[in-house]
Amino acid sequence: MYKAIFLNQSNDQVGNVFGDGRRQRAEGLLAIRPGVLKREDLAAVAGELREVEIVFSTWGMPELGEADLVHLPRLRAVLYAAGTVKGFAKPLLERGIQVSSAWRANALPVAEATLAHIILAFKQSHVQARAIRSARTFWTPTRPPITGMYGSTVGLIALGAIGRRVVELLKPFEVKIIAHDPYAKPTPGIELVGLDDLFARADVVSMHAPWIPATEGMIQGRHLRLMKPHATFINTSRGKLVVEDEMTQVLSERPDLQAVLDVTWPEPPAHGSALWQLPNVFLTPHITGSAGNEVRRMADWMIAECEELLAGRPLKHGVSVGMLDTMA
């Protein structure tokens, strides 16, 4: 039987993601060493690791150097039940060790939350709620006009795993979808446009670009100034993609605009940040990714990857060195 370990800097993370019977399912496939090993434990138990071929992990996976990998001479694959692998994958891949990530599974709840925000934005729900709470009546002139979804335009920035899933979720709704993605191929039902055009035309703009050097600061104040009256900007990607000072300046000048931000830079915003004060900013604490029961889906996907590996089939969610440059 193949041998495996759980390797992570946090026992709690592993217990959560691989909870509710997931670890036991993995143990039904492999001979897994009890407990969770940290990187600093490897040397002390090196004698037990010589036959280990598979590592399971999740958030908290350590980067392994030569001094660590010498203790895992037969390691074939790391099955990572979480999203980004940039913190540890490259040295492994360069040694021929396969890495599989549940990043597509993690994209699903982000897309679902995005759909919810889009629907609420077309009803101006956050603004409506503030207006009636302040007026103590439903009938107040401060309530903004409602755009409604029918015939409206949704603009998506990037068509990766999350963006494509948002497109799928929007299919039952009669909206026009435009997108900006320099790497995307023409797709029926999606009009590819420039970034300026997207901000000028969309009633709701949703950000899904990965955080890589080329995308830092890609959204500037001038883009937000192009937005239609009462439009909404949603960011569930990373705060670093937006020039935040310029965004807050535009939002202070354009109270008709709404910003729904699940991410900021830094996180949380600085104590004196305008994001805490602006009434047209709706902040959530980076919650759109996998949380609660959703984290178990990532474990399920990696257990399924283990089954592929044991059957001698290619990994379905394997990561390559070339993918690291454009992945979040």
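Computed from phi, the 3J(HN,Hα) profile of region 51-65 under the Karplus parametrisation 6.51, -1.76, 1.60 (θ = phi - 60°) reads 9, 5, 10, 10, 10, 9, 7, 7, 3, x, 5, x, 6, 9, x Hz, with x in place of Gly and Pro. Once the Cβ-Cβ distance of residue 142 and residue 270 is raised to the sixth power relative to R0 = 22 Å, the FRET efficiency obtained is 0.15.
Close amide-amide hydrogen proximity is noted between residue 98 and 77, 78, each under 5 Å apart and 5 or more residues distant or on a separate chain (H modeled in the peptide plane; Pro and chain starts excluded). The alpha carbon gyration tensor of region 1-67 gives principal lengths a ≥ b ≥ c with a/c of 1.5 or higher and a/b no greater than b/c, which makes the shape oblate. The C-alpha atoms of the chain define a longest principal axis, and helix 125-135 lies at about 50 degrees to it.
Rounded to the nearest Hz, the phi-derived 3J(HN,Hα) couplings of region 253-270 under the Karplus curve 6.51 cos²θ - 1.76 cosθ + 1.60 (θ = phi - 60°) are 7, 10, x, 6, 7, 10, 10, 10, 10, 8, 9, 9, 9, x, 10, x, x, 4, where x marks glycine and proline.
Once a ≥ b ≥ c are taken as the square roots of the eigenvalues of the Cα gyration tensor of region 107-283, is the result rounded (a/c under 1.5), prolate (a/b larger than b/c) or oblate (a/b not larger than b/c)? Oblate, because a/c is 1.5 or more while a/b does not exceed b/c.
Distance from the alpha carbon centroid of region 54-69 to that of region 274-328 works out to 18 angstrom.
Computed from Cα atoms, the angle from the helix 294-310 axis to the main principal axis of the chain rounds to 40 degrees. Given their separation in residues at 0.36 nm each and the Cα-Cα distance between them, residue 171 and residue 24 gain 49.1 nm when the chain is fully extended. A simple spin-label model places the labels of residue 95 and residue 192 3.9 nm from each other, with each point 7 Å out along Cα-to-Cβ.
Need the full-extension length gain, residue 184 to residue 112, defined as separation in residues times 0.36 nm minus the C-alpha distance. One decimal, nm. Mind dumping the intermediate values first?
Numbers: separation 72, 0.36 × 72 = 25.92 nm, distance 2.15 nm.
Stretched fully, the residue 184-residue 112 segment lengthens by 23.8 nm.
Cross-link reach is defined here as a Cα-Cα straight distance under 27 Å, omitting same-chain residues fewer than 8 places apart; for residue 90 the lysines meeting it are 3, 38, 240, 316. Taking amide H as placed 1.01 Å from N in the peptide plane, residue 234 has its amide H under 5 Å from the amide H of 205, 206, 207, 260, each at least 5 places away in sequence or on another chain. What separates the Cα centres of region 110-163 and region 1-52 is a distance of 44 Å. Scalar couplings 3J(HN,Hα) for region 103-110, obtained by applying the Karplus form with A = 6.51, B = -1.76, C = 1.60 to θ = phi - 60°, are 5, 5, 5, 5, 5, 5, x, 5 Hz; x denotes Gly and Pro. Fully extending the segment from residue 63 to residue 286, taken as 0.36 nm per residue of separation minus the present Cα-Cα distance, adds 77.9 nm. Taking each DSSP H run with n ≥ 4 as -39500 (n - 2.57) and averaging over every residue of the chain yields -9000 deg cm²/dmol at 222 nm.
Here is the list for region 108-187: GluC sites (Glu not before Pro) lying in DSSP coil, each with at most 11 other C-beta atoms within 10 angstrom of its C-beta, are 174. Sequence-distant contacts, meaning Cα pairs under 8 Å at least 6 residues apart, place the relative contact order of the chain at 17 percent.
Any read-out appearing in this document is the output of simple, stated calculations on the displayed coordinates, not a laboratory observation. All figures in this text were calculated on a predicted structure; none of them were measured in a lab. FYI the Cβ positions are ideal-geometry reconstructions off the backbone, even for glycines, and counts take in every protein chain you see.
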